[in-house]
Amino acid sequence: MTIGLGALLLVSACGGNETAVETNVTEAAAPVETPVAAATPMAAATVTPAAPAEKQSLDAFWTKFRAAALAKDAAGIAALSAPVVVQRGDLDDAPEKRLSPAQVPAVLAALLEQTDGVDAANRTQRQMLQAMPVPKRDGAFPEDQFRFGNMEFERGAQGWRLVRLYYEAAE
């Protein structure tokens with residue numbers, strides 16, 4: 001019988017002065033075969049892929065935009081804005097400004113504190129936004145456009161986005 005170096009070191013480290021090691025095993029152990037359960041068949045994926053951005057519903061967008069605007073969530077508002085948001089004044093001859101998404105939250109915050117000049121109750125646009133959890137479509141606009149107060153939204157390749165603001169700072 002051959003003893004491995006590790007076993008020999010173990011025996012000598014434990015105080016064994018003998019050089020011969022006896023084994024108490026009289027016969028080799030029979031290998032035990034463990035039955036293996038049959039493989040479970042893989043279930044087909046049932047997750048429906050998300051709709052492409054251009055198919056995003058106005059209701060889904062509105063829920064996110066409204067929550068971000070009411071919470072004054074600058075990052076959320078910027079993410080839901082077009083790469084360039086056009087800011088127009090109240091009059092047609094007012095100069096047009098081009099805003100980056102990072103500039104939109106400050107302008108939107110000021111706009112929400114004003115009335116839109118059309119609401120019969122003379123509410124601020126923030127109050128109007130609070131009162132409108134579901135967007136109400138105006139048949140005058142195409143399916144891929146929506147206007148609320150002094151804000152316009154369009155659905156494009158990236159889904160619905162804020163694209164225009166009608167706001168002129170008081171001087």
Going by what's in this entry, would Arg137 be described as out of contact with any Pro (no Cβ under 6 Å at 6 or more places or on another chain), at pLDDT 95 or above and of a type outside the set (Phe, Trp, Tyr)? no
Going through the range 73-93 in order, the residues found to be part of a loop (DSSP other than H, G, I, E, B) and surrounded by fewer than 13 Cβ atoms within 10 Å (Cβ to Cβ) are Asp90, Leu91, Asp92, Asp93
Do you know which residues across the range 107-118 are free of Cβ contacts under 8 Å to residues at least 24 places away in the same chain and surrounded by 13 or more Cβ atoms within 10 Å (Cβ to Cβ)? Thr115
As an exercise: evaluate Trp62 against (1) without any contact (Cβ under 8 Å) to a residue 40 or more places away in the chain; (2) in a helix (DSSP H, G or I); (3) not β-branched (Val, Ile, Thr) and give the number of the one condition it does not meet. (1)
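Yes/no matrix, rows are residues, columns are (1) within 20 Å of Lys55 (Cα to Cα); (2) in contact with a Cys (Cβ under 7 Å, 6 or more places away or on another chain); (3) among the hydroxyl-bearing types (Ser, Thr, Tyr):
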residue: Ser81; (1), (2), (3): yes, no, yes
residue: Thr115; (1), (2), (3): no, no, yes
residue: Ala157; (1), (2), (3): yes, no, no
residue: Arg164; (1), (2), (3): no, no, no
Members of the range 60-109 found to be among the small types (Gly, Ala, Ser) and under 21 Å from Gln145 (Cα atoms), listed by number: Ala60, Ala67, Ala68, Ala69, Gly76, Ala78, Ala79, Ser81, Ala82, Gly89, Ser100
Residues of the range 115-125 being among the charged types (D, E, K, R) and within 14 Å of Tyr167 (Cα to Cα), in sequence order, are Asp116
Keeping to the range 106-142, report how many residues are among the aliphatic types (A, V, I, L, M) and outside any helix (DSSP H, G or I). 7
Just to verify a result, which residue in the range 119-164, among those that are of a type in the set (A, V, I, L, M, F, W, C), without any contact (Cβ under 8 Å) to a residue 40 or more places away in the chain and surrounded by 12 or more Cβ atoms within 10 Å (Cβ to Cβ), is nearest to Phe65 (Cα to Cα)? Phe148
Could you list, in sequence order, all residues of the range 95-105 that are of a type in the set (A, V, I, L, M, F, W, C) and either touching a Pro at 6+ places or on another chain (Cβ under 6 Å) or surrounded by 13 or more Cβ atoms within 10 Å (Cβ to Cβ) (or both)? Leu99, Val104
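The values are calculated or read from the model by the stated rules, or taken from the named source; none is laboratory data. Keep in mind that this is a model prediction, so the values were computed, not measured. When we count neighbours, we look across all protein chains shown, and the Cβ atoms used for this are built from the backbone with ideal geometry, even at glycine.
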